[in-house]
Amino acid sequence: MRARRVSFGWGMLVGASVMALVGWGLEWPAHDVAVAAPSPARYTSKVVLENARVRVRDVTFPPGVLDTGMHTHEFAHVGVILTAGSLVFTEPGKPAETVRFDVGSVGFREANVTHQGANPGTAPMRVIEVELK
């Protein structure tokens, strides 16, 4: 019985070693094959409350200079900053403006302002937007 266990143990060890050497049967990319980088994260916006008077969104801006795309807010809105950082705002025909926010900062934008936002930092920024209908 002991010989059988020893034999089984050596078999497992040899099998694991062989599998490690051949990479579990996975193909390794050739050196001249380009491996695509993962696509950058996009900002997320989730409506967490909506009624006849307000729409509340939970917005997360991923790190890196990834922008929201140019857009127009239909309603005036208040932004409440949940995580510290900076956002870069760009409006058509105006130079970009970088604004530093602390946790708890609050900002206001009028209705029908066209802009895009981007997070140049290294950490995500999260904002609660309260749109006033």
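Points worth noting:
- Electrostatic tally near residue 131: other residues with Cβ closer than 11 Å to its Cβ, Lys and Arg +1, Asp and Glu -1, net +2.
- Proxy reagent accessibility, fewest Cβ within 10 Å first, across 50, 129: 50, 129
- Maximal additional length on extending the residue 100-residue 84 stretch stands at 5.0 nm, based on 0.36 nm per residue less the C-alpha distance.
- Computed P(r) (all Cα pairs; the range 44-132; 5 Å bins; percent): 3, 15, 24, 30, 19, 8, 2, 0
Quick note: the coordinates plus some simple rules give every number you see, no bench work behind them. Predicted, not measured: the structure shown is a model, and the values here were computed from it. Note that we place each Cβ from the backbone using ideal geometry, even for glycine, and neighbour counts take in every protein chain shown.
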